[in-house]
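Engineer: There's a structure below that I have some questions on.
The values are calculated or read from the model by the stated rules, or taken from the named source; none is laboratory data. Everything quoted here is computed from the prediction, not taken from an experiment. In this analysis, Cβ positions are derived from the backbone assuming ideal geometry, glycine residues included, and neighbour counts consider all displayed protein chains.
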Amino acid sequence: MSWRHPVFVLSLLAQSLVSAAGEEAGVSVRNAWIRESPPGNSMMAAYMELRNNTSRPRVLVAASSSGFQRVMIHRTVLKDGMAGMAHLSQIELAPNASLIFAPGGYHLMLMNPKRTLRAGDPVVINLEFRGGLVLPVAFEVRK
Amino acid sequence: MYRTSLKYGAMIATVTLGAVLAGAWLAEVYREHDARAVLLPDQVITLFPDPKPLTAFALADQANRVFDLASLKGKWSFLFFGFTHCPDVCPTALAELARVRDSIARSTPGAEDIQFVFVSVDPNRDSASKLGQYVDYFAASFLGVTGDNAQIGNLAGQLGAAYQVAITPEPENYSVVHTTAVFLLDPLARYHAVFTPPHDAAAISRRFKVVRKLAAGNAT
């Protein structure tokens, strides 16, 4: 990809958006990725490391993306050897603490992608926090 | 003198008896530990000392071929129960199993005696073609099988695999709760071992190689 490539430029723009908005909000995101999924599959999951750099709690209340019909905050819950999903209406980020979204735990469930996503594709997901702050985060599709 | 030697005699006898008993006890403990060194359910695998033969069941794979007891014979089968609308647990497990397959295939020329089977517990949404597209993404050799609820329940029940379809207001958008273990069936179609999550390809591959070696030793 080069400077002339629209996806590349878009992804750079998204990344600069992310860092600018994140610093302002006191929330930073690292290692944001989406697991590439089989073609035609309607459910995907996004993972990340969220960090609250402020001395006050931050509450993630929703997420959305133009690339998907719907994004939900979920947690895989293991009980008696069985896995189930719990839908969370919000997640509180403790002051100066990190919260990891990883396979088998917290994740953003991405429903009905509007196009097939392949490893390397950038996807922006907006994280909405209580108080009206919206943080656009660039996620990378990984195999 | 006599009394002394008797005393010594008794002491020697006691010590000897004690040593024999201690030796026997140690041998017993050792034997038990030795056996358990093999059978010890560690964090990754629980290996059954007495594999349980499965009884008849009938499912169909992504090409609508029958998948039954005969399909298990002559191969080690890794089974995972899930559903294709599963965003987190299933793709994570299948991606690891694809790595297990690669690892075993690399170290064992041929490796034709292993198969990986994704059992969909959601036949309502997982058609044969949908299953085919799904498993093929992880590895071309993976099988995706399903059937009616009674037949899925039959196989799941024999392995102690549980699942439950959640009832939600949205008929096309529901979740399924399911066992996350990977079941290992041996070439005699017996339930041989189970891998407990979180699944790690390197750990599973290493243990499988030991299990296969042990089973080959038992057979000869």
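Engineer: If a residue has to be part of a strand (DSSP E or B) and within 11 Å of another protein chain (Cβ to nearest Cβ) to count, how many in the stretch A:78-94 make the cut?
Structural biologist: Qualifying residue count for the region: 8.
Engineer: How many residues are under 29 Å from B:TYR163 (Cα atoms) and in contact with a strand residue (DSSP E or B) (Cβ under 8 Å, 6 or more places away or on another chain) when one looks only at the stretch A:80-124?
Structural biologist: Within the stretch A:80-124, residues that are under 29 Å from B:TYR163 (Cα atoms) and in contact with a strand residue (DSSP E or B) (Cβ under 8 Å, 6 or more places away or on another chain) number 25.
Engineer: Does A:GLY104 satisfy being in contact with a helix residue (DSSP H, G or I) (Cβ under 7 Å, 6 or more places away or on another chain) and small (Gly, Ala, Ser)?
Structural biologist: yes
Engineer: Test A:MET109 against the stated conditions and say whether it is surrounded by 13 or more Cβ atoms within 10 Å (Cβ to Cβ), under 29 Å from B:THR180 (Cα atoms) and in contact with a Ser or Thr (Cβ under 8 Å, 6 or more places away or on another chain).
Structural biologist: So A:MET109 does not fit the description; no.
Engineer: Considering only residues that are charged (D, E, K, R) and closer than 19 Å to A:GLY81 by Cα, which ones fall in the stretch B:56-96?
Structural biologist: Matches in the stretch B:56-96: B:ASP88, B:GLU96.
Engineer: For the stretch B:189-198, enumerate the residues that are farther than 17 Å from B:GLY74 by Cβ and either in contact with a strand residue (DSSP E or B) (Cβ under 6 Å, 6 or more places away or on another chain) or at pLDDT below 90 (or both).
Structural biologist: Across the stretch B:189-198, the qualifying residues are B:ALA193, B:VAL194, B:PHE195.
Engineer: Assess whether B:PHE67 counts as being outside any helix (DSSP H, G or I), touching a helix residue (DSSP H, G or I) at 6+ places or on another chain (Cβ under 6 Å) and at pLDDT 95 or above.
Structural biologist: No.
Engineer: Filter the stretch B:126-154 for residues that are of a type outside the set (Phe, Trp, Tyr) and facing chain A (nearest Cβ under 9 Å); which is surrounded by the most Cβ atoms within 10 Å (Cβ to Cβ)?
Structural biologist: So, considering only residues that are of a type outside the set (Phe, Trp, Tyr) and facing chain A (nearest Cβ under 9 Å), the one surrounded by the most Cβ atoms within 10 Å (Cβ to Cβ) is B:VAL135.
Engineer: Another question, if that's okay. Which one of these is assigned to a strand (DSSP E or B), touching a Ser or Thr at 6+ places or on another chain (Cβ under 6 Å) and not hydrophobic (A, V, I, L, M, F, W, C): A:ARG70, A:ARG51, A:ARG75, A:ARG30?
Structural biologist: From the options A:ARG70, A:ARG51, A:ARG75, A:ARG30, the qualifying one is A:ARG51.
Engineer: Within the stretch B:172-192, can one find any residue that is away from chain A (no Cβ under 11 Å), over 29 Å from A:HIS87 (Cα atoms), of a type in the set (Lys, Arg) and assigned to a strand (DSSP E or B)?
Structural biologist: Yes - at least one qualifying residue is present in the stretch B:172-192.
Engineer: Is there a residue being out of contact with any strand residue (DSSP E or B) (no Cβ under 9 Å at 6 or more places or on another chain) and closer than 28 Å to A:MET109 by Cβ anywhere in the stretch B:115-130?
Structural biologist: Yes, there is a match, as at least one residue in the stretch B:115-130 is out of contact with any strand residue (DSSP E or B) (no Cβ under 9 Å at 6 or more places or on another chain) and closer than 28 Å to A:MET109 by Cβ.
Engineer: If you don't mind, there's one more thing I want to ask. State the number of residues belonging to the stretch B:144-171 that are aliphatic (A, V, I, L, M) and either part of a strand (DSSP E or B) or touching a residue at least 60 places away in the same chain (Cβ under 8 Å) (or both).
Structural biologist: Summing the residues that are aliphatic (A, V, I, L, M) and either part of a strand (DSSP E or B) or touching a residue at least 60 places away in the same chain (Cβ under 8 Å) (or both) in the stretch B:144-171 gives 7.
Engineer: For the stretch B:59-82, how many residues are crowded, with 17+ Cβ neighbours inside 10 Å and within 20 Å of the chain's Cα centre (by Cα)?
Structural biologist: 12
Engineer: So which pairs qualify, if the first residue must be in the stretch B:79-105 and of a type in the set (Lys, Arg), the second must be surrounded by 21 or more Cβ atoms within 10 Å (Cβ to Cβ), the Cβ gap must be under 7 Å, and the two must be at least 6 apart or on different chains?
Structural biologist: B:ARG101/B:PHE116
Engineer: State which residue is surrounded by the fewest Cβ atoms within 10 Å (Cβ to Cβ) when the search covers only the stretch B:83-98 and only residues that are outside any helix (DSSP H, G or I) and facing another protein chain (nearest Cβ under 9 Å).
Structural biologist: Applying the filter and picking the extreme gives B:HIS85.
Engineer: So, one more: Look at B:GLY157 and say whether it is modelled with pLDDT under 95 and exposed (fewer than 14 other Cβ atoms within 10 Å of the Cβ).
Structural biologist: Against the criterion (modelled with pLDDT under 95 and exposed (fewer than 14 other Cβ atoms within 10 Å of the Cβ)), B:GLY157 does not qualify.
Engineer: A follow-up question, please. Can you tell me which residue is nearest to B:GLN164 (Cα to Cα) among those in the stretch A:65-77 that are surrounded by 14 or more Cβ atoms within 10 Å (Cβ to Cβ) and more than 10 Å from chain B (Cβ to nearest Cβ)?
Structural biologist: Applying the filter and picking the extreme gives A:ILE73.
Engineer: Out of A:PRO95, A:PRO57, which single residue is in contact (Cβ under 8 Å) with a residue 24 or more places away in the chain, touching an Asp or Glu at 6+ places or on another chain (Cβ under 8 Å) and surrounded by fewer than 16 Cβ atoms within 10 Å (Cβ to Cβ)?
Structural biologist: A:PRO57
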